[in-house]
Amino acid sequence: MNLLKMGVSAGWLDYFRPPENISTTAHLIDDLFNYTTLMVTFYFILVCIGLFGFSYLYSRKRNKTPYYTYGNKKKHLIVTAFIGAAVFLSIDLNITRIANNDLVNTFWKFPDHKNEKVLRVEVMAQQWMWSFRYTGPDNEFGTADDIVTNNDLRVPVNTKVLFHLTAKDVIHSFFVPSVRLKVDTIPGRITRVWWEVTKPGKYDIACAEMCGTHHYLMKAGLTVYTEEDFNKWLASSSLIAANTNDPQDANLAWGWKWEE
Amino acid sequence: MSGGYNEIHPEPTTFWSKYIFSFDHKVIAKQFLWYGIFFLGVGGLMALLIRWTLANPGVPVPIIGNLLFSGSGGVVPPDTYAMLFTMHGTIMIFYAITPILIGAFGNYCIPLMIGARDMAFPLLNMLSFWFAFLSGVVLLISLIIPQGAAAGGWTSYPTLSTLIGSPGAGQTLWCLAIFIFGISSTMGAVNYVTTVITLRAPGMGYFDMPLTVWGLWLTAILNAIFVPVLGAGVILLILDRVFGTTFFLAGASATSGSGDPVLFQHVFWIFGHPEVYILILPAWGIVSDLLSFFSRKPAFGAKATALSMTSISVLSTVVYGHHMFTTQMSPLLTQSFMTLTMTISIPSAIFFANWLGTIWKGSIRFDSPMLFSLGVVFVFGLGGLTGLHLGTTTTDLFLHDTYFVVGHFHYTMAASVLLGGFAGIYFWFPKMFGRMMNEGLAKVHFWGTMIPLNGIFFGMLLVGYGGMHRRIYNPFIYESLQRLIPVNNLITTSAILMGAFQLVFVYNFIKSLMSGEKAVNNPWEVGTLEWTIPSPPPHHNYDIIPVVKCGPHELGNPNLKTGRDFQYQTEELVEA
């Protein structure tokens, strides 16, 4: 019986969590989410206390004579203004400030591959497939030695990975739940996102923007390797690419010149 | 104030002029009500089909499955699924909520509550309904054409909604239907704004209007300004689809054009964000009034509530960019839209405080309209507060396009508006039809709606936070989402339950219409103008245009000597 109860409660908790966190930056989003949730819960409890408490205390049965007031006395105005200010100062100002700091210091601080070690990947989305392109040994995109994979992204741990993304046909959205990031891929534009993951394993990449009938099938695998395994994979893929890439193959010709 | 056109029109004599092409705002209101309830049923059934598919992918839909989807053995196919959620959104927003909250209550309440004999432009009013009707017909036709209805989501983002993603005629018909609906809404909006400004009874200042009229009036102003923007957007989309222009096509590959798909998103959300408030403002107004009426005391800080609603309407026009954080707008725009979005909290907190202040120390009667109003305070609390997670750019990077968003906007736009709409229907039904609704069934309907409703939309918040994204036919091909199957089952079970309890409402509505207890002039004992005249009101509403001498919420004044605990707006204010 006790075991059953524990099983049930552990199961319940499992519904109240986000996907597994595998990146160095996801905790920023989780922390802010938790802070917002905490504050929101606090104010919602206040609303509920008012709603249910007043409904109980001041029902017709318990309170025959209502208090005749327009709520425009000075103390009423002060309380109302205080509530407005409290909500703004305790939630809005804080989450705006934190989010802004995280954007400026982290999410918008794109790594510079000329000065630090960065893996660059070009991403092209189309109905209903993700294609990923690595530079190959020459460090240039759009050349014959590029490594191209479909629905299969492989990255090393503890390395910053910078993505430039676009779409071929309709708008898609590159969504990696485990790193809490999402960016639209838009025909005619290049969007950017970067991350650094810390945990080897296999994870999901999804398309989050409605892109047609088989939107739900537009799924790619994310494989996070240790640095050693990644280099091994990259080397063997380079070899395969050099030997098998067909310059006439139109499906391989989508790479573009990398611009910061 | 009553400088407008306010004569007694001769009563229509033929069936056609009385019930079909009527100029009477009360008849038009009922037409909109029937129209809205019909589409509410259609949109609700679609929601159930969507929910069935999400909880039981690949399992035939019971009872109606074989009839609707005979080609696939009763299972909803993926392309039909996309049509279902597209049409569910479109129908609920434009063809259910808008007609009921704005079309029906706007038409019925505005003239009666401000002491007018009809709308300022009765002909325009009739045209507004028949354009809406035409638009509904076009939309329904799109459901039965060979390639099916629009399937690009109710937001219809290009390039998916151009020929590249949607070659069928369904998407064009969708654009056309929305454009025609825009004409209807604009006509209605112009009419409402003018009526409120010119036809208020003598003595009625703006702050003597019931808050219901405030809500409807602000809605009409937003409608008049922003619905034409959507009209322009869908016209450009039609040009792209039919005449080969490239407003929304860009890129060197499959789409090749010199336009920009993101442009449509800007146009859409410039309309789309105010639209959220267009839908919710009438419900806010109704709730603000009803809380006061049934607490038997004046609305707490009524002026502040009206001004908060006004400032939210103004702010709603400058925050739309928070729908587009993931498109990577310029950093300056992202930061500005985030900050502006947050400021909406202040007026929201103020009118929440006023709502609670209204029931504080009241003498509350828990009649069905009051129950539904209290329900709105609860669900809008949840809906509004979860908006903070989404208005914050960084958390939105994770939550955007997940079920967290779906849960949030259903709490605000669906749950709050639906409950507010039911509150209004139970409240004004006696005035509209001259009969009372069954109170016992109304209470069953309230609890049968309220409890499953939270199961549905709170469940959506949970699965969204768990990482489940929107508009997917089968979430469980993702292994990481399989742990959410039980929550999805809970949502679906709740949805079926809530759907079933709506039958109680339909039964109650029809039964009361035919054989309900006869309503007296003022069954709820409140003082606004519409309750001074018979139920239902005569064709021209007021024999003599009333003169307004006090505000709409004069209840519980201890110095009243009339034997009533409330004052009519036509009575001289008794000093407390």
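The values are calculated or read from the model by the stated rules, or taken from the named source; none is laboratory data. Predicted model, so just to flag it, every value in this text is computed and none were measured. FYI the Cβ positions are ideal-geometry reconstructions off the backbone, even for glycines, and counts take in every protein chain you see.
Of the conditions (1) facing chain B (nearest Cβ under 7 Å); (2) within 16 Å of the chain's Cα centre (by Cα), A:Gly188 clears all except one; give me its number.
In the conditions (1) facing chain B (nearest Cβ under 7 Å); (2) within 16 Å of the chain's Cα centre (by Cα), A:Gly188 misses (2) alone.
As an exercise: evaluate B:Ile364 against (1) surrounded by fewer than 23 Cβ atoms within 10 Å (Cβ to Cβ); (2) among the hydrophobic types (A, V, I, L, M, F, W, C); (3) more than 24 Å from the chain's Cα centre (by Cα) and give the number of the one condition it does not meet.
(1)
Mind checking whether some residue in segment B:226-246 is more than 22 Å from B:Leu139 (Cβ to Cβ), within 14 Å of another protein chain (Cβ to nearest Cβ) and part of a loop (DSSP other than H, G, I, E, B)?
Looking for residues that are more than 22 Å from B:Leu139 (Cβ to Cβ), within 14 Å of another protein chain (Cβ to nearest Cβ) and part of a loop (DSSP other than H, G, I, E, B), one finds at least one in segment B:226-246, hence yes.
For residues in segment A:47-76 being within 41 Å of the chain's Cα centre (by Cα) and surrounded by fewer than 17 Cβ atoms within 10 Å (Cβ to Cβ), which is nearest to the other protein chains (Cβ to nearest Cβ)?
The qualifying residue nearest to the other protein chains (Cβ to nearest Cβ) is A:Cys48.
Please work out if B:Leu385 is closer than 30 Å to B:Ala55 by Cα, within 11 Å of chain A (Cβ to nearest Cβ) and touching a Lys or Arg at 6+ places or on another chain (Cβ under 6 Å).
On the way: closer than 30 Å to B:Ala55 by Cα: yes; within 11 Å of chain A (Cβ to nearest Cβ): yes; touching a Lys or Arg at 6+ places or on another chain (Cβ under 6 Å): no.
No; evaluated as a whole, the condition is false for this residue.
Condition check ((1) within 20 Å of the chain's Cα centre (by Cα); (2) surrounded by fewer than 24 Cβ atoms within 10 Å (Cβ to Cβ)) across all residues:
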| residue | (1), (2) |
| --- | --- |
| B:Tyr206 | no, yes |
| B:Thr219 | yes, no |
| B:Leu237 | no, no |
| B:Val242 | no, yes |
| B:Leu263 | no, yes |
| B:Val267 | no, yes |
| B:His273 | yes, yes |
| B:Lys297 | no, no |
| B:Ala302 | no, no |
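Condition first: more than 7 Å from every other protein chain (Cβ to nearest Cβ) and either in a loop (DSSP other than H, G, I, E, B) or within 23 Å of A:Asn94 (Cβ to Cβ) (or both). Now tell me which residues in segment A:18-35 satisfy that.
Taking segment A:18-35 first, the residues more than 7 Å from every other protein chain (Cβ to nearest Cβ) are A:20-27, A:30-31, A:34-35.
Of everything in segment A:18-35, those that are more than 7 Å from every other protein chain (Cβ to nearest Cβ) and either in a loop (DSSP other than H, G, I, E, B) or within 23 Å of A:Asn94 (Cβ to Cβ) (or both) turn out to be A:Glu20, A:Asn21, A:Ile22, A:Thr24, A:Thr25, A:Ala26, A:His27, A:Asp30, A:Asp31, A:Asn34, A:Tyr35.
Going through segment A:210-224 one residue at a time, which ones are over 17 Å from B:Ala150 (Cα atoms) and of a type in the set (Gly, Ala, Ser)? Give the derivation first.
Our first condition is that a residue be over 17 Å from B:Ala150 (Cα atoms); within segment A:210-224, this holds for A:216-224.
Of everything in segment A:210-224, those that are over 17 Å from B:Ala150 (Cα atoms) and of a type in the set (Gly, Ala, Ser) turn out to be A:Ala220, A:Gly221.
Please determine whether any residue of segment A:115-132 is at the interface with chain B (Cβ under 7 Å from one of its Cβ atoms) and crowded, with 17+ Cβ neighbours inside 10 Å. Reasoning before the result, please.
Pass one, segment A:115-132, residues at the interface with chain B (Cβ under 7 Å from one of its Cβ atoms): none.
Scanning segment A:115-132 turns up no residue that is at the interface with chain B (Cβ under 7 Å from one of its Cβ atoms) and crowded, with 17+ Cβ neighbours inside 10 Å.
Return yes when A:Asn105 is free of Cβ contacts under 8 Å to residues at least 24 places away in the same chain and within 19 Å of B:Ile359 (Cα to Cα) and no when it is not.
On the way: free of Cβ contacts under 8 Å to residues at least 24 places away in the same chain: yes; within 19 Å of B:Ile359 (Cα to Cα): no.
The answer is no for A:Asn105.
For segment B:91-100, does any single residue satisfy the condition of being without any contact (Cβ under 8 Å) to a residue 40 or more places away in the chain and more than 20 Å from B:Glu530 (Cβ to Cβ)? First the steps, then the outcome.
Taking segment B:91-100 first, the residues without any contact (Cβ under 8 Å) to a residue 40 or more places away in the chain are none.
No, the conditions are met nowhere in segment B:91-100.
Among the candidates B:Thr53, B:Thr86, which residue alone is touching a helix residue (DSSP H, G or I) at 6+ places or on another chain (Cβ under 9 Å) and closer than 21 Å to B:Leu140 by Cα? First the steps, then the outcome.
Details: B:Thr53 fails: closer than 21 Å to B:Leu140 by Cα.
Testing whether each residue is touching a helix residue (DSSP H, G or I) at 6+ places or on another chain (Cβ under 9 Å) and closer than 21 Å to B:Leu140 by Cα leaves just B:Thr86.
Please tell me if B:Leu127 is free of Cβ contacts under 8 Å to residues at least 60 places away in the same chain and surrounded by fewer than 24 Cβ atoms within 10 Å (Cβ to Cβ).
Details: free of Cβ contacts under 8 Å to residues at least 60 places away in the same chain: no; surrounded by fewer than 24 Cβ atoms within 10 Å (Cβ to Cβ): yes.
No; evaluated as a whole, the condition is false for this residue.
Which residues, counting only those in segment B:332-345, are at the interface with chain A (Cβ under 7 Å from one of its Cβ atoms) and either without any contact (Cβ under 8 Å) to a residue 24 or more places away in the chain or over 16 Å from B:Thr386 (Cα atoms) (or both)?
Within segment B:332-345, B:Gln335, B:Thr339 qualify.
With B:Tyr478, B:Tyr411 as the choices, which residue is over 30 Å from B:Asn508 (Cβ atoms) and either within 14 Å of chain A (Cβ to nearest Cβ) or touching a Lys or Arg at 6+ places or on another chain (Cβ under 9 Å) (or both)? It would help to see each step written out before you state the result.
Details: B:Tyr411 fails: over 30 Å from B:Asn508 (Cβ atoms).
Matching residue, one of B:Tyr478, B:Tyr411: B:Tyr478.
In segment B:548-576, how many are of a type outside the set (Asp, Glu), within 10 Å of A:Tyr68 (Cβ to Cβ) and buried (at least 17 other Cβ atoms within 10 Å of the Cβ)?
At the first step, the residues of segment B:548-576 found to be of a type outside the set (Asp, Glu) are B:548-553, B:555-564, B:566-570, B:573-574, B:576.
Next, only the ones that are within 10 Å of A:Tyr68 (Cβ to Cβ) stay: B:555-560, B:576.
Checking the rest, the ones that are also buried (at least 17 other Cβ atoms within 10 Å of the Cβ) come to B:555-557, B:560.
Adding up the residues that qualify gives 4.
Considering each residue of segment B:172-196, count those that are closer than 21 Å to B:Gly551 by Cα and either free of Cβ contacts under 8 Å to residues at least 60 places away in the same chain or assigned to a loop (DSSP other than H, G, I, E, B) (or both), and give that number.
Selection size over segment B:172-196: 1.
From the set of residues in segment A:82-114 that are among the aromatic types (Phe, Trp, Tyr) and within 7 Å of chain B (Cβ to nearest Cβ), which is surrounded by the most Cβ atoms within 10 Å (Cβ to Cβ)?
Going through segment A:82-114, the residues among the aromatic types (Phe, Trp, Tyr) turn out to be A:82, A:88, A:107-108, A:110.
Now restrict to residues that are within 7 Å of chain B (Cβ to nearest Cβ): A:88, A:107-108.
Working: A:Phe88: 17, A:Phe107: 19, A:Trp108: 14.
Ranking the qualifying residues of segment A:82-114, first place goes to A:Phe107.
Just to check your reading of the model, which residue among A:Val79, A:Val8 is over 20 Å from B:Gly383 (Cα atoms), surrounded by 12 or more Cβ atoms within 10 Å (Cβ to Cβ), outside the structural domain of A:Pro156 (by TED's automatic domain parsing) and modelled with pLDDT under 95?
Working: A:Val8 fails: surrounded by 12 or more Cβ atoms within 10 Å (Cβ to Cβ).
After applying the criteria, what remains is A:Val79.
Please state which one of B:Ile456, B:Ile496, B:Ile491 is within 25 Å of B:Leu419 (Cα to Cα), out of contact with any helix residue (DSSP H, G or I) (no Cβ under 6 Å at 6 or more places or on another chain) and either modelled with pLDDT of 95 or more or of a type in the set (Asp, Glu) (or both). Quick ask: steps written out before the conclusion?
On the way: B:Ile456 fails: out of contact with any helix residue (DSSP H, G or I) (no Cβ under 6 Å at 6 or more places or on another chain); B:Ile491 fails: out of contact with any helix residue (DSSP H, G or I) (no Cβ under 6 Å at 6 or more places or on another chain).
Unique residue meeting the criteria: B:Ile496.
Go over the candidates B:Val405, B:Val377 one by one and state the one that is facing chain A (nearest Cβ under 7 Å), of a type in the set (A, V, I, L, M) and surrounded by fewer than 24 Cβ atoms within 10 Å (Cβ to Cβ). Break it down stepwise before answering.
On the way: B:Val405 fails: facing chain A (nearest Cβ under 7 Å).
It is B:Val377.
Which one of the conditions (1) of a type outside the set (Lys, Arg); (2) in contact (Cβ under 8 Å) with a residue 24 or more places away in the chain; (3) surrounded by fewer than 23 Cβ atoms within 10 Å (Cβ to Cβ); (4) within 14 Å of another protein chain (Cβ to nearest Cβ) does B:Gly448 fail to meet, given that it meets all the rest?
The failed condition is (4).
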